[in-house]
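> Could you have a look at this structure, given as structure tokens, before my questions?
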Amino acid sequence: MIADRMRAETRVSIALFALTLTSGAVDAITFLGLGDAFAALATGNLLLLAFGVARAPGIAVGRPAIALGAFVLGAAVCDLVIARLMRRGRRWFVITLAAEVGMLAAAGLHAVAVGGAKTLPAPALALTVALLACAMGWRTRAMIETGVADMPTTVVQIAMVKALTDALSFSWRAARTPAVPRARRIATVLGIFVGGTVGALLLRLGPGPAILALTVFEACVVALDARAPRLRRPPPAEH
């Protein structure tokens, strides 16, 4: 029984690690390839917006504002969708992830249709950023509902500090965190880093093709999640 639970938790962690990779990659593509905004890192967009309001040199408010607004919209709509799916007893996690894949695909196809593998004109850039940020806001809301606090998949600060605390606990703390949460925290930090590296490398293909490559990868993760019972998420967290 314990062994089965450990295997299930390991498989869940692998799936969430794959999603964490996509977050880092999407932010790399958004910031480096689409310009001066993040898709998943809402804190970064809020700060960029603040810098722009303060008229800091070289900082515009437009794209961070679009990204932040789209992120909030994605999270809000996902909240409504999850509530409805849960009332109907549907597998809300797989459905929400599939919808996220659809948004990523829309962003990639739009970018390819407009610019191919080249830099996009300003209106197309804004729409692509909005679609990516909406997808990441949607994802963030879904991750909160899973109740797997050690792998939020889109942010890293808390996981990084907790991982540091785990490392320090080997020397001075009597009661250490269980192995799976510790591994998830480290995987979150590594996932964002590796994903950012992969996203920066994929940009050599162009923003549109890079987004589509990530879309295919995440679609495979969602397909495996839908087919494998042991990749189903734990019961949703209580509010």
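The values are calculated or read from the model by the stated rules, or taken from the named source; none is laboratory data. Not measured: the values here are computed from a predicted model. Every residue, glycine among them, receives a Cβ derived from its backbone with ideal geometry; neighbour counts consider all protein chains shown. The accessibility values were calculated without ligands, DNA or RNA, using every heavy atom of the protein model including side chains. Shrake-Rupley method; radii C 1.70, N 1.55, O 1.52, S 1.80 Å.
> When residue 149 is evaluated against the numbered criteria (1) outside any helix (DSSP H, G or I); (2) within 16 Å of residue 40 (Cα to Cα), which criterion, by number, is the only one it fails?
(2)
> So, one more: Only one residue in 97, 104, 109, 68 is open to solvent by 60 Å² or more (accessible area, probe 1.4 Å), in a helix (DSSP H, G or I) and not polar (S, T, N, Q), so which one is that?
Every option except 109 fails the conditions.
> Return the residues of region 96-115 that are over 16 Å from the mean Cα position of the chain (by Cα) and not small (Gly, Ala, Ser); say none if nothing qualifies.
Of everything in region 96-115, those that are over 16 Å from the mean Cα position of the chain (by Cα) and not small (Gly, Ala, Ser) turn out to be 109, 110, 112, 114.
> Checking residue 17 against (1) surrounded by fewer than 19 Cβ atoms within 10 Å (Cβ to Cβ); (2) under 27 Å from residue 184 (Cα atoms); (3) at pLDDT below 95, which single condition isn't satisfied?
For residue 17, the failing item is (1).
> Do we find a residue being within 21 Å of residue 188 (Cβ to Cβ), open to solvent by less than 70 Å² (accessible area, probe 1.4 Å) and either among the acidic types (Asp, Glu) or part of a helix (DSSP H, G or I) (or both) anywhere in region 50-60? Lay out the reasoning, then the answer.
Taking region 50-60 as the starting set, the residues that turn out to be within 21 Å of residue 188 (Cβ to Cβ) are none.
No, region 50-60 contains no residue that is within 21 Å of residue 188 (Cβ to Cβ), open to solvent by less than 70 Å² (accessible area, probe 1.4 Å) and either among the acidic types (Asp, Glu) or part of a helix (DSSP H, G or I) (or both).
> Counting only residues that are in a helix (DSSP H, G or I) and surrounded by fewer than 18 Cβ atoms within 10 Å (Cβ to Cβ), which one in region 82-93 is farthest from the chain's Cα centre (by Cα)?
87
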